[in-house]
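Student: Let me begin by handing over the structure; questions about it come next.
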Amino acid sequence: MELRARLLRTATSRPGVLLAVCPGAARARLAMERELRSRGWPQVGSPASANLLVIVGDPDPADAEWIDGLWLGIPAPKARVRVREAEDVPSALDEGRASLLVRGKRPEGDAGHVDETHGEGDNHGTTPEHAENNDTHGGHGNHGDDSDSSHHQHGEHDGHDTHDSHSGPDTHSEHDGHGGHDGHGEHDGHGGHGGHGGHGGHGGHGGHGGHGGHDMHAMSVAGLPMADRADDRDGLRLDRLHVPLGPALPDWPAGLVLRLALQGDVVQRAAVEQVPVLPSARRPFWNEPWLRASTGEAVARGLAARRLCAAHLDSLWRYLAVVGWGGAAARARAARDQALAGESSGEVLAAVRPLIRRVQRSRTLRWLTAGLGVLPSDRAASAGVSGPALVAGGDAYDRVGVWLDEVGRAAAAFDDDGWLDAATELSGPRGRVDGGVPPSRALLDVLPGLLEGAEFACARIIVASLDPDLDELVPALRPEVVHG
Amino acid sequence: MDTSDWQPVLLLLVLISAGLVLLYVIGAALSVEREPLCDVPPFSGGLGPEEHPFSRFHVRWYPVTMVFLAFDMEMLFMYPWTKVVGEVGTSAVVEMFLFLGILLAGVGYAWREGAFRWS
Amino acid sequence: MAETTPLWAVAVLPFVLVLVALGTAHFDALLAADPAANPGREVLRLLVQQRRRTNAADELLTRLGVVLLPVAAVLAAVVLPLGFRSVSDLADGIVWFNAMEALAWAAVWLAGWGPNSTLSLIGGYRFLAQGLAYELPHMLAITTAALGAESLRVGDVVDAQSGLWFAVWMPAAFVIYLLSAMGMAFWGPFDQPVGRDVAGGAAAELSGVDRIVFLGGRWLLFVVAAAVSVPLFLGGGHGPLLPGWAWTLLKTAAVLALLVWVRRRVPGVRMERYVELAWVVLTPLAILQALVVALVVLNR
């Protein structure tokens, strides 16, 4: 037994981490990515190869089905922790690793017996939740904000509640509420599927996405219907799959869910959704300097340039990872962390210039990404897009070109000590922040149109090239708190 | 062909199979949980699918498979052909490359019809 | 002519391949300066992991696909000479290598189809499209090498290069071969079937030993494919001063290092663009190369 324990200790010395990042948690995510990198813990792409599920941010406890889905898919040894604040990252990871060792030898129920799993899940949740309590207190120390703290506490309780109710039929009502946005017709579909519900949280999906009627007679195996056929663009009748994509895919905008209708690997239709989160008192991280300037605060241009540079490098590394260029992606990510860590213009430029040159000169990249997701300027403008996507007025390749230009320019301007002009310089990384709607809203609005007919890999590239930031869409907690 | 040539191949197959079985046994012995985790929802980002992903996949490169098949058959002739080029002489080369030329014309046609572009 | 090989070589071969694969993976991690990519630690991490089965999965097909990959890779390596000796220098060794390497088509597709998961399904089908693109130029390239030696026996191909390496006078075939070596092992720029954008594609749902066997099999296949370029194009064990086996190892290491470096420099190649290049440029080029070689063979 001693030997086993040692083996487990060695084997999980660098656990595979699956990140479940909620919108509004960019700062904590950045800290998490940096910490994982410095510890050398692999950041895995799917639950199958994960040991540790790290929830970053504040998921809405009433609708955290996706997190349970991820948790169910992780084989033992496994543990989950939640991180809210960037400062809590190291302790949360330590905590997670410790509970991996404690629970290494614990029987996990199968999804088939949801009740059992559920019991497990609850136990699993306990220790990390305690850790969170501590962390939250730490966080309060920083904020000293009462309304904020009460809300967090509340959130935690809810979290427990959801766990408890997970196995019950409540999951369905929860899901119904969620699906309701697709229109009420589907409700009947759901009703018809009540029987499937018994198969566990997942059976409830059946009636989604505008074909509830079909499912009523569709063949059902192991709790799910088989794919039904539908006309494709060439006039063939082919199987069509309805798949929710996201929110926890690797290199994917945090919190984005695409409801896809797929034929083979071609996207036939796409609908944008986002993961529900608790309202936050904090401004979206990437837009912060410009938002502050818009309220009349004096914000140094150098600071804004640094944030812009890091924001684009963040988008860029995700994009490069999606196109399968790991080497360049790692460089972009390292440069991002340099910019965020406050290194001088000279140092960041030295890191960024070779990267820009290499990406700009890559003919392979042009050959592979030209023509994907073409968004002409006029269409972009009429949709309200105002950032790089409007400037580029073209395909994914052009948009990345704009990022590269802006990264180079911003990296040279860290020492600009003028002030942002609240009237003219309110354009953040994804567009103007002073409009009525956040710039990423417009990006999400144009997204489905660009995805239709795209192959899966191309769809991922298109999403990465727009890189909507769902942090901008997190509901604000209270207007007066924002000012505090 | 000598049967003794194939002896090592067969032996190797047995050996790898045994090795793989051994690896699975070691895995079963060392893993913290011997029973597999069953009925996991397939991964697509956290939310489960609405239907079984088993489906008749829309294979849009279907025309390419047809062109490929033609060439694949051709390869059956080309392998033995490599051994006799020297003996048979010019006629072997002429015949083979005439054949390949015809197939290439087919490729050109398929290309013009857009068979190699599907997105 | 290859000398006879003692039977114990059969037992040694898989270990040598695994060692070389581990070494290559280490080098790859070193180049990436990513401490998380350590292959040894990753194997141990997966060894203690529970296995898993997705909802209504086809367990048999998945397992078959997973296991087939390393088996095909090692079996392909029987014709691989170390110096001038291979485990078994089959009379049609090149065809044998081709046949074994083509088993990867089945392996990846089965592993992708079996788990009943959208992303792994997409990964599996991606490899079929990839096969349609790389396989034909690849077969033409290896037949060109066979044509140069007028034999399908790998040992004869090596002997034919005692003077001039085939890579020198069949450069197009050599480059095409290297491209397809990466393609068949769905590795480097051709790793779309297990790409990160599909969360691991055909491997997305594999955990524990299954994952070790499948991804390890992929490394083995990559090493074998790269290593076969040495006897076919780089003169095998021929070289001055050093013994044959040393030359083989050196050349193999060089080819592996080159490919690992390429991986860092090039974005992932998607088949819906590459297929066109493969058929419209690479295939005619390979045929032209074969024609040149055939003319040389006629005139000697």
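The values are calculated or read from the model by the stated rules, or taken from the named source; none is laboratory data. Bear in mind the structure is a predicted one, so any value in this text is a computation, not a measurement. Methodologically, a virtual Cβ is constructed for each residue, glycine included, from the backbone with ideal geometry; neighbour enumeration extends over all protein chains shown. Side chains included, ligands, DNA and RNA excluded: accessible areas come from the protein's heavy atoms. Shrake-Rupley method; radii C 1.70, N 1.55, O 1.52, S 1.80 Å.
Student: Around residue C:235, which amide H atoms from residues at least 5 apart in sequence, or from another chain, sit under 5 Å from its own amide H, with H modelled in the peptide plane?
Tutor: Close amide H contacts, sequence-distant or interchain: C:166, C:167.
Student: Taking K and R as +1 and D and E as -1, what net charge do the other residues with C-beta under 15 Å from the C-beta of residue C:114 add up to?
Tutor: Once positives and negatives cancel, what remains is 0.
Student: Averaged per residue, what accessible area in Å² does region C:1-46 show with a 1.4 Å probe, protein chains only?
Tutor: Values: 2510 Å² over 46 residues.
Heavy-atom accessible area per residue stands at 55 Å².
Student: Lys and Arg at +1, Asp and Glu at -1: add these up for the other residues within a Cβ distance under 12 Å of residue C:145 and post the number.
Tutor: Working: positive: C:153; negative: C:150, C:156.
So the surrounding residues net to -1.
Student: Using modelled backbone amide H atoms (1.01 Å from N, in-plane), which distant-in-sequence or interchain residues come within less than 5 Å of residue A:268's amide H?
Tutor: Here A:261, A:262, A:263, A:453 satisfy the definition.
Student: Then there's this: To the nearest 10 degrees, how steep is helix C:59-76 against the longest Cα principal axis of chain C, on a 0 to 90 scale?
Tutor: So the helix axis and the longest Cα principal axis differ by about 20 degrees.
Student: Another question, then. Sort B:83, C:251 by heavy-atom solvent-accessible area, probe 1.4 angstrom, most to least. Show your work: numbers first, answer last.
Tutor: On the way: B:83 80, C:251 15 Å².
Sorted descending by solvent-accessible area, the residues read B:83, C:251.
Student: A further question on this structure: Among residues other than residue C:155 whose Cβ falls under 9 Å from its Cβ, what is the net charge (Lys/Arg +1, Asp/Glu -1)? Intermediate values should be presented prior to the final figure.
Tutor: Values: positive: C:85, C:153; negative: C:89, C:156, C:159.
So the environment of residue C:155 carries a net charge of -1.
Student: Using the 2.2 N^0.38 Å rule of thumb for compact globular proteins, work out how region C:3-298 stacks up: its C-alpha Rg over that value, please.
Tutor: 0.98
Student: Tell me, what is the percent relative contact order of region A:384-455, built from C-alpha pairs under 8 Å that lie six or more residues apart?
Tutor: On the way: 45 pairs, mean separation 27.6, N = 72.
It rounds to 38 percent for region A:384-455.
Student: Karplus couplings for region C:218-225 from phi (6.51 cos²θ - 1.76 cosθ + 1.60, θ = phi - 60°), rounded to Hz, Gly and Pro as x?
Tutor: 5, 5, 4, 4, 4, 5, 5, 4
Student: As an exercise, find the ratio Rg/Rh for region C:5-95 from alpha-carbon atoms, using the Kirkwood inverse-distance average for Rh.
Tutor: Working: Rg = 17.2 Å, Rh = 16.1 Å.
Ratio of gyration radius to Kirkwood radius: 1.07.
Student: Another question about this same structure. Once phi is turned into ³J(HN,Hα) by the Karplus curve 6.51 cos²θ - 1.76 cosθ + 1.60 with θ = phi - 60°, what whole-Hz value does each residue of region A:393-399 show in order, with x for glycine and proline?
Tutor: 3J(HN,Hα) across region A:393-399, in whole Hz: x, x, 8, 4, 4, 5, 4.
Student: Quick check of the Kirkwood formula: for region A:333-464, what is the inverse mean of 1/r over all pairs of different Cα atoms, in Å?
Tutor: With all distinct Cα pairs of region A:333-464 included, I get 16.2 Å.
Student: Which angle from 0 to 90°, rounded to the nearest 10, does the C-alpha axis of helix B:3-30 make with the longest principal axis of chain B?
Tutor: Its long axis makes an angle of about 30 degrees.
Student: Amide H neighbours of residue B:52 under 5 Å, at least 5 residues apart or on other chains, H built in the peptide plane: list them.
Tutor: Amide H neighbours of residue B:52: A:226, A:227.
Student: Compute log10 of I(q)/I(0) for chain B with the Debye formula, placing one identical point scatterer on every Cα and leaving out solvent, at q = 0.09, 0.16, 0.20 Å⁻¹, to two decimals.
Tutor: Evaluating at q = 0.09, 0.16, 0.20 Å⁻¹ gives log10 I(q)/I(0) of -0.68, -0.96, -1.08.
Student: Something else about it: What's the extension gain from residue A:381 to residue A:7 if we count 0.36 nm per residue and subtract their Cα-Cα distance?
Tutor: Taking residue A:381 through residue A:7 to full extension adds about 128.8 nm, to one decimal.
Student: Ranked by accessible surface with a 1.4 Å probe, highest first, in what order do C:261, A:403, C:169 come?
Tutor: Putting C:261, A:403, C:169 in descending order of accessible area: C:261, C:169, A:403.
Student: Kindly write out, for region C:238-250 in residue order, the coupling ³J(HN,Hα) from the Karplus curve 6.51 cos²θ - 1.76 cosθ + 1.60 (θ = phi - 60°), rounded to whole Hz, with x marking Gly and Pro.
Tutor: Working through the residues one at a time gives 6, x, x, 6, 6, x, x, 4, 5, 4, 4, 5, 4 Hz.
Student: Putting +1 on Lys and Arg Cβ atoms and -1 on Asp and Glu Cβ atoms, find which of C:274, C:252, C:285 reaches farthest to the positive end of the dipole of region C:245-300.
Tutor: C:252
Student: If one puts a single equal scatterer on every Cα of region C:136-231 and applies the Debye formula without solvent, what log₁₀ I(q)/I(0) results at q = 0.15, 0.21 Å⁻¹?
Tutor: Scattering profile of region C:136-231, log10 relative to I(0): -0.66, -0.98.
Student: Further, regarding this structure: Given the whole protein assembly as supplied and a 1.4 Å probe, what does the accessible area of residue B:4 come to in Å², nearest 10?
Tutor: Here the residue's solvent-accessible area equals roughly 60 Å².
Student: As a test question: what accessible area, to the nearest 10 Å², does residue B:91 have when a 1.4 Å probe is rolled over all protein chains in place?
Tutor: So the heavy atoms of residue B:91 present about 60 Å² to solvent.
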